[in-house]
1. Amide H of E54 versus every other amide H placed in the peptide plane: which residues, excluding those fewer than 5 positions away on the same chain, fall under 5 Å?
2. What does the helix-only formula give at 222 nm for the chain: each DSSP H stretch with n ≥ 4 adding -39500 (n - 2.57), the total divided by the residues, and the result rounded to the nearest 500 deg cm²/dmol?
3. As I understand it, the dipole of segment 423-572 uses +1 on the Cβ of Lys and Arg and -1 on the Cβ of Asp and Glu, about the Cα centre. Which of S457, Y486, H436 lies farthest toward its positive end?
4. In the structure shown, do any of K35/K112; K351/K416; K360/K483; K96/K559; K35/K88 have a Cα-Cα gap over 29 Å, and if so which?
5. R155 accessible area, nearest 10 Å², 1.4 Å probe?
6. For L362, enumerate residues with amide H under 5 Å from its amide H, sequence gap 5+ or separate chain, H modeled in the peptide plane.
7. At a 1.4 Å probe, what is the % contribution of carbon and sulfur to the accessible area of segment 393-500?
8. Choose one of Q467, F393, C332: the residue whose Cα lies farthest towards the positive end of the charge dipole of the chain (beta-carbon charges +1 Lys, Arg; -1 Asp, Glu; about the Cα centre).
Amino acid sequence: MAAALQTLGGGIGITLHWIAFTPTIEQQATEEQKKKWLKLAQDVAIVGAYAQTEMGHGTFVRGLETTATYDPSTQEFVINSPTLTSTKWWPGGLGKTANHATVMAQLYTRGKCYGPHNFMVQIRSLENHQPCPGVTLGDIGPKMESNGNDNGFARFDHVRIPRENMLMKFARVEADGTYVQPPSSKLAYSNMVYLRGTFVMSAAQALASATTIAVRYSCVRRQSEMKPGEPEPQILEYQTQQYKLFPQLAAAYAFWFASWFMTQQHGSITGSMEKGDMSGLAELHALSAGLKSYTTAVTARGIDVCRMACGGHGYSHASGLPALFGGAAALCTAEGENTVMMLQTARYLVKCFAQSQAGKRLTGTVAYLSAVQPSPVAGNRNMSDLGTLVAAFQHRAARMVRHAAMQMQGEMQKGKAREDAWNSCSVLLIKAAEAHVHSFVVRNFAETVQTVEVDESVRAVLTSLCQLYSLYGITEHAGDFLKDGYLTGRDIDAASSHLSAMLARVRPDAVALVDAFDLHDKILRSVLGRYDGRVYEHLYEWAKKSPLNKSEVHESYYKYLQPFLKSNRAKL
Ligand SMILES: CC/C=C\C/C=C\C/C=C\C/C=C\C/C=C\C/C=C/C(=O)SCCNC(=O)CCNC(=O)[C@H](O)C(C)(C)COP(=O)(O)OP(=O)(O)OC[C@H]1O[C@@H](n2cnc3c(N)ncnc32)[C@H](O)[C@@H]1OP(=O)(O)O
Ligand SMILES: Cc1cc2nc3c(=O)[nH]c(=O)nc-3n(C[C@H](O)[C@H](O)[C@H](O)COP(=O)(O)OP(=O)(O)OC[C@H]3O[C@@H](n4cnc5c(N)ncnc54)[C@H](O)[C@@H]3O)c2cc1C
């Protein structure tokens, strides 16, 4: 993944060739079509972009305006951008790098629209890289981060492609224009499900990078006096610094383990789908959408906490943290904007809740929804027991899902249309879905630390990290757990004091825990996070290389400052 994210130099980028274009061929092309394009893509004999989003639509895929109209007389599709807002906008590599693109377009045949489908379109000449006839291309301009990637725009003016360029593994158009339905219309979205799943690992890696930088730097940096007259301590000795960094470190491990589960689930469910069993698709979509949304949001916030914990040097590009934040922030929007994705998970939860109310036994990641007792059993809980912590998160999620679903039912009973009831409860629905994903991450973390094949001393450290992650979640969201009395004020106090104990428990292993991510300096690209800890010498060397230091007196002095100073002095 790190290699794939490596751009080939400023201004071009083939990240999306690897993580979106090539997987789309793998997942949506027929065997015949794979023979034609897959090896070319894998050998980078062609470079591709995944062109779905348009200037006017990103979230609402069914609202995309690009058209692919079938012409049976020539057995071709005509790809067209009918409006300005239909201009493909954002796809990575589309501006200057790619010579092919999978284009998501509304399929029209025999005068009827069959919705969004993927089409292979050559966009640049393989001889001179000039845009193909009818294709207008360009870069969309500077962005918050990742300016090495040429996110681009594309317009199509009645560009003709052979019928065989429709990716036809699921849906097909016959030579005479007959449309053949896919097993599910959502299979055209399969690449997005796959990519969302990979974002969970991207988030874990990003948070692992940020915590590696911040923890290592917090052992190098000495500041202030903890006791008068004593030497300045490492800033990691301050409990507040531990409270900032260790929950992020624990989350990095939690998300890393969640990405293992996501990858395994994706493999097994898509394996079943290959055999025609579509039953797992809804769960896969809900899990990938929710995990992508949750992990990328927590990661972006967590990276900024790490940046702030490193003081002024954290704000310098020398730390690598601003770039990491910018990249992680992109993950919150790309591949399905986080709010919309979490609402997709909420939609699945409401559906499952209704099924469980109707007596159906739920399975998979929602099984707990039918098993959790509505009546709280208050009492002195053992807040250091992982089973107790997992049960608390599941009870919280089940209560919030039930509450949101019942609110929606209540709105509809008052006569509101389902869509209006949904919208007026969508904040509750989002919070319930977040609680659901949070409970999954906690449960998965606990199950992984209890079963992973490691030395018992390592298991003990991972168990402490899992307790820390869970206790942090409970104290940060205490109101959710207190609301129905499932946890008492005493339980929350116990959780807080146990959390403090866990901070102190993790401290001696903090550097080992970040070293275990095994992120090379070349990947970290951070003076503060250097493995050898020689921060100050390298910070000075880094600064001296700043372009502003190429000359002792910068040309701007002669152009602007000198005349300005002169005129001000003349007035004295
Ligand atoms: C270490 C790294 C550190 C930092 C990072 C460093 C660098 C990174 C920096 C820059 C790079 C950043 C990113 C690069 C990576 C990737 C690039 C990005 C690519 C893209 O963004 S590609 C475009 C992505 N676009 C989207 O995801 C669009 C989102 N919208 C949708 O998916 C759909 O429109 C939506 C919202 C699901 C709605 O679909 P629709 O309207 O058709 O359905 P409904 O809501 O009506 O639901 C109907 C029904 O269908 C079910 N369903 C929906 N989707 C799916 C699905 N995919 N699979 C299965 N089922 C689906 C839904 O559940 C409903 O079912 P029900 O009726 O309830 O039974
Ligand atoms: C770095 C980067 C790389 C990208 N790479 C690609 C790529 O390679 N290929 C590609 O096709 N696209 C790519 N994209 C585009 C990306 O997929 C879209 O930006 C994303 O899907 C969001 O769509 P949008 O930008 O239209 O935002 P909108 O959908 O307009 O969202 C704007 C706001 O409206 C809210 N909103 C929208 N719908 C709803 C709803 N139903 N309920 C509640 N709130 C809603 C959203 O939550 C959001 O806050 C990339 C984007 C970025 C930032």
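The values are calculated or read from the model by the stated rules, or taken from the named source; none is laboratory data. The structure displayed is predicted, hence computed values, not measured ones. Neighbour counts are summed over all protein chains in view; Cβ atoms, including those assigned to glycine, are modelled from backbone coordinates with ideal geometry. Heavy atoms of the whole protein, side chains included, go into the accessibility calculation; ligands, DNA and RNA do not. Shrake-Rupley method; radii C 1.70, N 1.55, O 1.52, S 1.80 Å.
1. W89
2. On the way: 20 runs with 295 residues, N = 572.
Roughly -17000 deg cm²/dmol at 222 nm, from the helical runs in the chain.
3. The Cα lying farthest towards the positive end belongs to H436.
4. On the way: K35/K112 31 Å; K351/K416 18 Å; K360/K483 27 Å; K96/K559 35 Å; K35/K88 27 Å.
Correct reply: K35/K112; K96/K559.
5. 70
6. S370
7. On the way: 2370 of 4690 Å².
Using a 1.4 Å probe with all protein chains present, segment 393-500 comes out at 51 percent carbon and sulfur.
8. Projecting each Cα onto the dipole axis, the largest value belongs to C332.
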